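The values are calculated or read from the model by the stated rules, or taken from the named source; none is laboratory data. These figures come from a predicted structure and were not determined experimentally. For neighbour counting, all protein chains shown are included, and Cβ atoms are generated from backbone atoms with ideal geometry for every residue, glycine included. Just so you know, the surface numbers come from the protein's heavy atoms only, side chains and all, with ligands and any DNA or RNA stripped out. Shrake-Rupley method; radii C 1.70, N 1.55, O 1.52, S 1.80 Å.
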Amino acid sequence: IAPPGRNAVLNLRLFEQKPVQPEWLLERNLMNPDMMQALAVALRQGMRILISGGTRTGKTTLLSALCNFLPPEWRILKIEDPEEIWIDRPTVQTIEARPQAAGTEVRPYTLADGVDDAMRLSPDYLVIGEVRDGRAAQALFRALMTGHGGACTFHADSPAEAVARLAVLLGADAGVQKSDALPMIADALDLLVQIGIRGESRRITGISRILPAAAENGMGIEPLWIFDEN
């Protein structure tokens, strides 16, 4: 992939050697105990949650930690590309996307394929790695709109940007009109958790509720917590 004679390319992704516990988030001041309690209740109720943030903000780590609040008897199905989320319990199953093998006609297996197949496995809760394209978003939102609980991550620097970028991806990759994308987002999600980096520290900068009004004015977002940088 890297041409001969050019600088070599090597990327190392490091992960915790043990499951990330919610207490880890509090110790590092990612959020306060009241916010943690609210998110714990949301997970136990099977709410549909989008974790949004920029590069290196810790979206996957946050999702891994919050999954500890899911009821222990629930059957959890993870769909990732690649597998990164660690949920340490025997009721977890994983589906991992894969690219097309070079030199073969075996087609790639995408996140969207994984979500579609997951619907045949009757999970109690879906956990999706980062949604990067509109086809994965469409498959996930269709699943969540049928009553399945689930959580995923998405790259965006604010709740408003997350909604706008999702609408663009749904249109560009899945042919969903903007007038249909916004109601889909509103029907598929309950909460949007925004994480960011302030100085050298990661912080939950906001927790917002998604309102049905998003179908009407494009911004049905009600802030529940906002990080005060002062």
Loop sites in the stretch 68-160: trypsin sites (Lys or Arg not before Pro), DSSP, at most 11 other Cβ within 10 Å: ARG120
Scattering from the C-alpha atoms of the stretch 8-145 alone, worked out with Debye: what is log10 I(q)/I(0) at q = 0.17, 0.19 1/Å? -1.02, -1.25
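Hey, got a sec? Which trypsin sites (Lys or Arg not before Pro) in the stretch 1-74 land in a DSSP loop and have at most 15 other Cβ atoms within 10 Å? Present the calculation step by step, with values, prior to reporting the outcome.
Working: sites: ARG6, ARG13, ARG28, ARG44, ARG48, ARG56, LYS59; in loops: ARG6, ARG13, ARG28, ARG56.
Sites meeting the loop and neighbour criteria: ARG6, ARG13, ARG28, ARG56.
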Once you've got the GNM for the chain with C-alpha springs shorter than 10 Å, pick whichever of LEU144, LEU25, LEU14 has the biggest mean-square fluctuation. LEU14
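Show that you can apply the helix-only estimate: for the chain, add -39,500 (n - 2.57) for every DSSP H stretch of four or more residues, divide by all residues, and state [θ] at 222 nm to the nearest 500.
Numbers: 8 runs with 77 residues, N = 230.
Theoretical 222 nm ellipticity from helices: -9500 deg cm²/dmol.
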Just the Cα atoms of the stretch 119-168, one point each, no solvent: what log10 I(q)/I(0) does Debye give at q = 0.30 Å⁻¹? -1.26
Relative contact order of the stretch 1-76, pairs being alpha-carbon contacts under 8 Å that are 6 or more residues apart, as %: 37 percent
Could you grab the relative contact order for the stretch 78-149? Cα pairs under 8 Å, six or more apart, rounded to a whole percent. 33 percent
From the C-alpha coordinates alone, can you work out the Kirkwood hydrodynamic radius of the chain, in Å? 18.4 Å
Please report the antiparallel percentage of the DSSP beta bridges confined to the chain, to the nearest 5. 35 percent
Rank PRO19, PRO33, PRO99 by mean-square fluctuation in a GNM of the chain with C-alpha springs under 10 angstrom and give only the top-ranked residue. PRO99
Grab the eigenvalues of the alpha-carbon gyration tensor for the stretch 54-110, scale each by 5, take roots, and send me the semi-axes largest first in whole angstrom. 27, 17, 7
Please give me, ordered by residue number, the GluC sites (Glu not before Pro) of the stretch 135-230 that lie in loop per DSSP and have at most 15 other Cβ atoms within 10 Å. GLU200, GLU229
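What fraction of the DSSP beta bridges in the stretch 65-141 is antiparallel, stated in percent and rounded to the nearest 5?
Values: 1 of 10 bridges.
Expressed as a percentage, antiparallel bridges in the stretch 65-141 total about 10.
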In whole percent, and with a 1.4 Å probe on the protein chains, what portion of the accessible area of the chain is carbon and sulfur? 50 percent
Could you state the accessible area per residue of the stretch 56-121 in Å², with a 1.4 Å probe and every protein chain left in place? 54 Å²
What are the principal axis extents of the Cα atoms in the stretch 80-201, in Å, biggest first? 39, 36, 32
